[in-house]
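J.: The structure is given below, and queries will be raised subsequently.
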Amino acid sequence: MPSTLPTAPSAEPAPLFKPCTDGMRLGLGGAPLGNLFEAVTQEEAGELMEAAWADGCRSFDTAPHYGHGLSERRMGLSLWQRPRAELSLSSKVGRLLLPQAQAARAQHGYVEIAPFVQRWDLSATGMRRSVEDSLQRLGLARLDAVFVHDIDAQTHGADAPGVLSLVLEQSLPALRQLQAEGLVGGIGLGVNDHEVVGQVLAHADLDCLLLAGRYSLLDQSALPRLLPELQRRGVALALGGVFNSGILAKRVDAREQPTFNYAAAQPQWLNKALRIQAVCDRHQVPIAAAALQFALSHPAAQIVLLGARKPSEWQQARANARRAIDPALWHELKQEGLLPHDAPTP
């Protein structure tokens, strides 16, 4: 494993993620547009993209994984005629899509998807093909950021050490070459696991990071070490999964079997969420508003990416970001041991 890799062109973080035109640091995540868990029609996808743009959204994130290219095609259809300099668009690499006529129409949590199967390819050749394939689906000539997707041990199991070596030896150097050619802007990781980020940063520089679920009102596992390190190194951070795949998106009700990390919430997480819900109730604050404002309050976060299926969900998120919250709520959460005392709050 190499001790160092080619460094980023500058120590200063590039303005990779654009805020909304009114300054709100929200962007649109593309997983729902790939039919995550339930189908979204082409018309509904177009309505969402139009509404988000009209509301001032200028940062968009997608991936080949999201519906086997469906999310990329839908985002590209809406964005390719927009003023390119006004928007920030990111996608991901690591999985190639191979056509297969008999491919299942439901895979990896996505339904009614395109007839492809996935193949992991983190080689230098795979990086170039993945970026070029994404640009073809999007109908664009450049990505503002590209994230190496899901390189954690939970995804790869016993192969994870080899995956890490391959990322360091081939993936990241190949992406730096694509960066030099102007096909991509910032390069980084798109992961749900904060520990693998530290393993990469021990050997390589990153321009950006998309971290999902590990800095939220419920789970602050990235707070002690990773977030300060990102600030120190000037890594542009996009936070995803701030509702932890559903449990914080609406009022917590144990009878509804809420999800955490894309599965039924385990008792320790459900119990903690119920305690947070009780504090929010005492202050008459929707838990989704508290979750969103908590994530936005950390100075390392350039933007928070939100998955939405319809304009009303996007607009509700904007309303939650603006909602007045009494500082006493944050004080009580810390006093109850539900937030670390050193966690930044609004």
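The values are calculated or read from the model by the stated rules, or taken from the named source; none is laboratory data. As the structure is a prediction and not an experimental result, all values here were calculated from the model. When we count neighbours, we look across all protein chains shown, and the Cβ atoms used for this are built from the backbone with ideal geometry, even at glycine.
J.: Tell me which residues, restricted to the stretch 293-325, are among the small types (Gly, Ala, Ser), part of a helix (DSSP H, G or I) and out of contact with any strand residue (DSSP E or B) (no Cβ under 8 Å at 6 or more places or on another chain). Please lay out each step first, then the result.
T.: Taking the stretch 293-325 and keeping what is among the small types (Gly, Ala, Ser), we get 295, 297, 300-301, 307-308, 312, 317, 319, 321, 324.
The next check asks that each one be part of a helix (DSSP H, G or I); those that pass are 295, 312, 317, 319, 321.
Within the stretch 293-325, Ser312, Ala319 qualify.
J.: Please go through the stretch 138-155 and pick out each residue that is surrounded by 15 or more Cβ atoms within 10 Å (Cβ to Cβ), farther than 20 Å from Gly186 by Cβ, touching a residue at least 24 places away in the same chain (Cβ under 8 Å) and not small (Gly, Ala, Ser).
T.: Asp152 - this is the single residue of the stretch 138-155 that is surrounded by 15 or more Cβ atoms within 10 Å (Cβ to Cβ), farther than 20 Å from Gly186 by Cβ, touching a residue at least 24 places away in the same chain (Cβ under 8 Å) and not small (Gly, Ala, Ser).
J.: Name every residue in the stretch 91-103 that is at negative phi and touching a Leu at 6+ places or on another chain (Cβ under 6 Å), in order of residue number. If you could, list the steps in order and put the result at the bottom.
T.: Start the filter on the stretch 91-103 by keeping residues that are at negative phi, which leaves 91-93, 95-103.
Listed by number, the list holds a single entry, Ser91.
J.: Does the stretch 270-285 contain at least one residue that is part of a loop (DSSP other than H, G, I, E, B) and touching a Ser or Thr at 6+ places or on another chain (Cβ under 6 Å)? Reasoning before the result, please.
T.: Residues of the stretch 270-285 part of a loop (DSSP other than H, G, I, E, B): 283-285.
Restricting the remaining residues to those that are touching a Ser or Thr at 6+ places or on another chain (Cβ under 6 Å) gives none.
No: the stretch 270-285 contains no residue that is part of a loop (DSSP other than H, G, I, E, B) and touching a Ser or Thr at 6+ places or on another chain (Cβ under 6 Å).
J.: Another question, if that's okay. Tell me whether the stretch 190-202 contains one or more residues that are more than 26 Å from Glu132 (Cα to Cα) and charged (D, E, K, R).
T.: Checked the stretch 190-202: at least one residue is more than 26 Å from Glu132 (Cα to Cα) and charged (D, E, K, R).
J.: Out of the residues in the stretch 174-197 that are of a type in the set (Gly, Ala, Ser), out of contact with any Phe, Trp or Tyr (no Cβ under 8 Å at 6 or more places or on another chain) and touching a residue at least 40 places away in the same chain (Cβ under 8 Å), state the one that is surrounded by the most Cβ atoms within 10 Å (Cβ to Cβ).
T.: Out of the qualifying residues, it is Gly186.
J.: May I pose another question? For the condition surrounded by fewer than 23 Cβ atoms within 10 Å (Cβ to Cβ) and either not in a loop (DSSP other than H, G, I, E, B) or not β-branched (Val, Ile, Thr) (or both), what is the one hit in Arg214, Arg251?
T.: Details: Arg214 fails: surrounded by fewer than 23 Cβ atoms within 10 Å (Cβ to Cβ).
Result of the check over Arg214, Arg251: Arg251.
J.: Right, something else. Can you list residue pairs whose Cβ atoms sit under 9 Å apart, with the first residue in the stretch 46-72 being under 20 Å from Leu122 (Cα atoms) and surrounded by fewer than 24 Cβ atoms within 10 Å (Cβ to Cβ) and the second being at pLDDT below 95 and not charged (D, E, K, R)? Count only pairs 6 or more apart in sequence or on different chains.
T.: Gly69/Ala114
J.: Considering only the stretch 198-210, I want to know if a residue exists there that is more than 24 Å from Gln302 (Cα to Cα), crowded, with 20+ Cβ neighbours inside 10 Å, in contact (Cβ under 8 Å) with a residue 60 or more places away in the chain and out of contact with any strand residue (DSSP E or B) (no Cβ under 6 Å at 6 or more places or on another chain). Break it down stepwise before answering.
T.: The initial filter retains those residues of the stretch 198-210 that are more than 24 Å from Gln302 (Cα to Cα), namely none.
Scanning the stretch 198-210, I find no residue that is more than 24 Å from Gln302 (Cα to Cα), crowded, with 20+ Cβ neighbours inside 10 Å, in contact (Cβ under 8 Å) with a residue 60 or more places away in the chain and out of contact with any strand residue (DSSP E or B) (no Cβ under 6 Å at 6 or more places or on another chain), so the answer is no.
For every residue, the table says whether it meets (1) in contact with a Cys (Cβ under 8 Å, 6 or more places away or on another chain); (2) farther than 21 Å from Leu77 by Cα; (3) crowded, with 19+ Cβ neighbours inside 10 Å; (4) modelled with pLDDT of 95 or more.
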{"position": "Leu5", "(1), (2), (3), (4)": "no, yes, no, no"}
{"position": "Ala11", "(1), (2), (3), (4)": "no, yes, no, no"}
{"position": "Lys18", "(1), (2), (3), (4)": "no, no, yes, yes"}
{"position": "Gly27", "(1), (2), (3), (4)": "yes, no, yes, yes"}
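J.: While we're on this one: For the stretch 326-343, name all the residues that are of a type in the set (Gly, Ala, Ser), part of a loop (DSSP other than H, G, I, E, B) and in contact (Cβ under 8 Å) with a residue 12 or more places away in the chain.
T.: From the stretch 326-343, those of a type in the set (Gly, Ala, Ser) are 328, 337, 343; that's our starting set.
Then drop every residue that is not part of a loop (DSSP other than H, G, I, E, B), which leaves 337, 343.
Hit for the stretch 326-343 is Ala343, nothing else.
J.: Let me ask something additional. Would a scan of the stretch 221-236 turn up a residue that is of a type outside the set (Asp, Glu), touching a Ser or Thr at 6+ places or on another chain (Cβ under 6 Å) and buried (at least 22 other Cβ atoms within 10 Å of the Cβ)?
T.: Taking the stretch 221-236 and keeping what is of a type outside the set (Asp, Glu), we get 221-228, 230-236.
Retained after the next criterion (residues that are touching a Ser or Thr at 6+ places or on another chain (Cβ under 6 Å)): none.
Within the stretch 221-236, none of the residues are of a type outside the set (Asp, Glu), touching a Ser or Thr at 6+ places or on another chain (Cβ under 6 Å) and buried (at least 22 other Cβ atoms within 10 Å of the Cβ).
J.: Another question, if that's okay. If you take the residues in the stretch 121-145 that are outside any helix (DSSP H, G or I) and in contact with a Ser or Thr (Cβ under 6 Å, 6 or more places away or on another chain), which one is farthest from Gly182 (Cα to Cα)? Don't jump to the end; show me each part of the working.
T.: Residues of the stretch 121-145 outside any helix (DSSP H, G or I): 121-123, 139-145.
Filter once more, keeping what is in contact with a Ser or Thr (Cβ under 6 Å, 6 or more places away or on another chain): 122, 143-145.
Working: Leu122: 20, Leu143: 9, Asp144: 10, Ala145: 11 Å.
Per the stated criteria, the residue is Leu122.
J.: I've got another one for you. Out of the stretch 135-153, which residues are closer than 23 Å to Ser78 by Cα and more than 17 Å from the chain's Cα centre (by Cα)?
T.: Applying the first criterion (closer than 23 Å to Ser78 by Cα) to the stretch 135-153 yields 135-147.
Listed by number, the residues that qualify are Leu135, Gln136, Arg137, Leu138, Gly139, Leu140, Ala141, Arg142.
J.: Output the number of residues of the stretch 246-269 satisfying the condition of being of a type outside the set (A, V, I, L, M) and out of contact with any Ser or Thr (no Cβ under 7 Å at 6 or more places or on another chain). Don't jump to the end; show me each part of the working.
T.: Step one: list which residues in the stretch 246-269 are of a type outside the set (A, V, I, L, M), which gives 246, 250-251, 253, 255-262, 266-269.
The next check asks that each one be out of contact with any Ser or Thr (no Cβ under 7 Å at 6 or more places or on another chain); those that pass are 250-251, 253, 255-258, 266-269.
Residues that pass the stated criteria total 11.
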